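The values are calculated or read from the model by the stated rules, or taken from the named source; none is laboratory data. Computed from a predicted model, the values in this text were never measured in an experiment. Counting neighbours? That spans all protein chains shown, and the Cβs are built from the backbone with ideal geometry, glycine included.
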Amino acid sequence: MKVDTPIIKIESLSKVFRGPDGDFAALEDINLEIMSGEIFGIIGMSGAGKSTLVRCINFLERPTQGTVYFDGVDLSSLTKKELYNIRRSMGMIFQQFNLLMQRNVIGNVCFPLEIAGVEKSEARKRAEELLEVVGLSDKALAYPSQLSGGQRQRVAIARALATNPKVLLCDEATSALDPATTRGVLMLLKDINKRLGITIVVITHEMRVIEEICNRVAIIDKSKIAEIGSVEEIFTRPKTAAARRLVFPEDHSFEQLPGKRCCRIVFNGNSSFEPIIAGMVLDFRQLVNILFADTKNIDGKAFGQIVIQLPENDLVANRMIEYLRAKNLAVEEVAGYV
């Protein structure tokens, strides 16, 4: 339920931390709009400034310059009490879950409602509804120590939803989970976005998380926004070095292959049952060298990318590129790509 109205608008935001060794600019001149109802990703390498940015969005960190508008309200103009009230519209999910270990599951979900002064029976009813949403109705009386990592994160999601927020801020929410559990949590977030219309902001260093659920993404690099666009646009045609580093996993540089033509093929929903590369090899009777492959099958469709080394004959190489593009694939030549 995406609406073309920004629920979060960041204008000329900078954050400088002052310490004994001098000033450190964690964020510089950030300008960003996050639309109501979308799933928006913010991705960057460790130390790029993304966690500082998410803390500035809800003013847990006050920007040194610039401001954040939430639902049209300038957060820098609010009193402490007004800011506390507006934060109830911004649920937050953390990497390490941050559950209260001495409370059971339903007690954890009730906790923000107790702080907000909600009557006990009403809070419990709301908590039970949310545990059903996250698939943990049978764990209401269990304690966090008795749960798996994925179950703990589901409790944290239920707790973040307790106050009926308009936005969920997810700060590396799946980084502590294994791939299968990560996918389950991401699918839950996607379902919550679809069913409840809640805007979700995903902070991560993993491109696969962005690919899985986000509509748009901002790449943050060295404290600045390097690139903003749709996930498909940035994955298919990354414009900046920062974007290319994230699209390609680490340790896959093609600088070692001077003078050899290589191309990157992006699969974005093509049928998994169509052997495109094998078909090309048979049609042209020319071998290609697969340098890197990272594709996955989701519901019979292929997503991901392959990098191949083309034959040295330029005519054949050019015809192969035309062949791949005719199959509606995004294809680009790469050399010293990352």
Tell me whether the stretch 94-102 contains one or more residues that are touching a residue at least 12 places away in the same chain (Cβ under 8 Å), surrounded by 14 or more Cβ atoms within 10 Å (Cβ to Cβ) and under 26 Å from Leu32 (Cα atoms). yes
I need the full set of residues from the stretch 139-166 which are under 25 Å from the mean Cα position of the chain (by Cα), farther than 19 Å from Arg183 by Cα and of a type in the set (S, T, N, Q), in order please. Thr163, Asn164
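One residue is enough: does the stretch 183-192 have a residue meeting the conditions more than 26 Å from Ala25 (Cβ to Cβ) and acidic (Asp, Glu)? Show your work before the answer.
Going through the stretch 183-192, the residues more than 26 Å from Ala25 (Cβ to Cβ) turn out to be 183-192.
From what is left, the residues that are acidic (Asp, Glu) are 191.
Scanning the stretch 183-192, I find at least one residue that is more than 26 Å from Ala25 (Cβ to Cβ) and acidic (Asp, Glu), so the answer is yes.
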Flagged pairs (Cβ under 7 angstrom, 6 or more apart or on separate chains; first in the stretch 202-219, assigned by TED's automatic domain parsing to the domain that holds Val266; second among the aliphatic types (A, V, I, L, M) and assigned to a strand (DSSP E or B)) are none
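Any residue at all in the stretch 163-170 that's under 26 Å from Thr295 (Cβ atoms) and either charged (D, E, K, R) or not in a helix (DSSP H, G or I) (or both)? Lay out the reasoning, then the answer.
Narrowing the stretch 163-170 to residues under 26 Å from Thr295 (Cβ atoms): 170.
Subsequent filtering for residues that are either charged (D, E, K, R) or not in a helix (DSSP H, G or I) (or both) retains 170.
Yes, because at least one residue in the stretch 163-170 is under 26 Å from Thr295 (Cβ atoms) and either charged (D, E, K, R) or not in a helix (DSSP H, G or I) (or both).
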Hey, among the residues in the stretch 129-165 that are of a type in the set (Ser, Thr, Tyr) and surrounded by 14 or more Cβ atoms within 10 Å (Cβ to Cβ), which one's farthest from Ile200 (Cα to Cα)? Tyr143
Selected residue [assigned by TED's automatic domain parsing to the domain that holds Glu33, modelled with pLDDT under 95 and assigned to a helix (DSSP H, G or I)] from Leu186, Leu177: Leu186
So which residues in the stretch 28-71 are in a strand (DSSP E or B) and over 13 Å from Ile203 (Cβ atoms), if there are any at all? Glu28, Asp29, Ile30, Asn31, Glu33, Met35, Gln65, Gly66, Thr67, Val68, Tyr69, Phe70
